1. Might you let me know whether the stretch B:93-109 holds any residue that is surrounded by fewer than 20 Cβ atoms within 10 Å (Cβ to Cβ) and within 12 Å of chain A (Cβ to nearest Cβ)?
2. Out of everything in the stretch A:31-71 that is of a type in the set (Asp, Glu) and farther than 15 Å from A:Ala8 by Cα, what residue ends up being most open to solvent (accessible area, probe 1.4 Å)?
3. For the stretch B:129-161, name all the residues that are aliphatic (A, V, I, L, M) and open to solvent by 60 Å² or more (accessible area, probe 1.4 Å).
4. Suppose the filter is touching an Asp or Glu at 6+ places or on another chain (Cβ under 9 Å) and not acidic (Asp, Glu); does B:Ala65 pass it?
5. Those residues that are hydrophobic (A, V, I, L, M, F, W, C) and more than 14 Å from chain A (Cβ to nearest Cβ), I need them from the stretch B:34-73; list them, please.
6. Within the stretch B:138-155, can one find any residue that is more than 11 Å from chain A (Cβ to nearest Cβ) and under 16 Å from the mean Cα position of the chain (by Cα)?
7. Could you tell me how many of the residues in the stretch A:17-30 are away from chain B (no Cβ under 14 Å) and surrounded by 19 or more Cβ atoms within 10 Å (Cβ to Cβ)?
8. Among the candidates A:Val13, A:Val53, single out the residue that is in contact with a Gly (Cβ under 8 Å, 6 or more places away or on another chain) and under 18 Å from A:Ala97 (Cβ atoms).
There are 2 protein chains.
Amino acid sequence: MLIREATAGDWPVIWPFLRAIVAAGETYTYPRDLDEATAREMWMLTAPGRTVVAVDESGTVLGTAKMNPNHMGAAAHIAGASFMVDPQCGGRGVGRALGEYVLAWARAEGYRAMQFNAVVETNTGAVALWESLGFRIMTTLPEGFLHPTKGYVGLHIMYRQL
Amino acid sequence: MLIREATAGDWPVIWPFLRAIVAAGETYTYPRDLDEATAREMWMLTAPGRTVVAVDESGTVLGTAKMNPNHMGAAAHIAGASFMVDPQCGGRGVGRALGEYVLAWARAEGYRAMQFNAVVETNTGAVALWESLGFRIMTTLPEGFLHPTKGYVGLHIMYRQL
């Protein structure tokens with residue numbers, strides 16, 4: 001698996017699985033009917049942010065991550081990141097590889113911490129992954145997320161210093 | 001004291017004290033050299049957000065608040081808000097009046113909670129005010145804010161359900 005900067009040519013491959021993940025409405029706070037132009041603008045970042053893809057040996061895109069400052073000004077040393085893994089490529093360590101990548105990127109860029117603003121508590125696979133990468137659940141906003149089948153569930157704020 | 005919707009004509013009165021508060025760099029995560037056009041765009045919100053001013057009996061602007069969704073999609077029921085009180089008008093209950101206003105607004109708009117993303121822990125007056133209005137410190141991001149004289153201090157995330 002290789003992680004490289006995302007290019008314009010990757011977007012048509014990212015969009016179908018990103019759209020499916022967003023439309024499912026179980027893990028992200030994006031509008032479920034997110035349109036492609038808005039999605040592209042939100043996902044394909046330029047400096048100081050960055051967007052990457054994880055590809056296999058044949059060049060197939062398996063997943064993507066974006067990373068960016070999470071705050072401005074006197075808190076601009078806290079980074080943020082978001083991840084989308086093609087559901088057809090689950091269980092292959094793509095999320096972990098992308099997570100390790102964004103932590104290395106943030107350290108190299110001089111960030112002092114990384115914060116995830118909204119991790120849905122029922123997304124237990126993601127929570128366990130981020131904990132294994134050193135993130136802590138700092139708090140859980142009660143009833144912060146309206147899950148399509150489980151109703152109101154908590155929204156974790158996760159954080160780790162670098 | 002009256003709280004009313006902010007108009008374009010209020011901006012020239014808001015900008016000097018907003019600029020001074022931001023330039024001091026002690027309480028907000030905005031860039032300290034925030035330019036006027038960016039400040040105006042960030043502060044003077046339109047629907048679904050709203051910006052108000054608190055004025056005294058003679059119509060003088062004492063402070064201002066903006067309120068808005070804090071998340072999108074399945075977490076869009078969490079509101080956010082920010083406050084600026086003219087330092088020359090401190091101690092007159094302006095912050096409290098604006099806080100009570102935004103809570104009433106959020107309830108009326110159907111929000112289920114309000115979240116403050118970044119309350120500097122050394123801003124003890126604000127922390128005490130929000131606690132008195134029912135907010136709780138959910139967590140403190142360690143070293144989340146670089147204070148100009150105190151160095152790295154914590155950044156509270158405060159929350160209350162409505």
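The values are calculated or read from the model by the stated rules, or taken from the named source; none is laboratory data. None of these values were measured; they are calculated from a predicted model. Neighbour counts run over all protein chains shown; Cβ positions are idealised from the backbone, glycine included. With ligands, DNA and RNA removed, areas are computed over all heavy atoms of the protein, side chains included. Shrake-Rupley method; radii C 1.70, N 1.55, O 1.52, S 1.80 Å.
1. No, every residue in the stretch B:93-109 fails to be surrounded by fewer than 20 Cβ atoms within 10 Å (Cβ to Cβ) and within 12 Å of chain A (Cβ to nearest Cβ).
2. Only one residue fits best here, namely A:Glu57.
3. Result: B:Leu146, single match.
4. The answer is no for B:Ala65.
5. Selection gives B:Ala37, B:Met44, B:Leu45, B:Ala47, B:Val52, B:Val53, B:Ala54, B:Val55, B:Val61, B:Leu62, B:Ala65, B:Met67.
6. no
7. 1
8. The conditions single out A:Val53.
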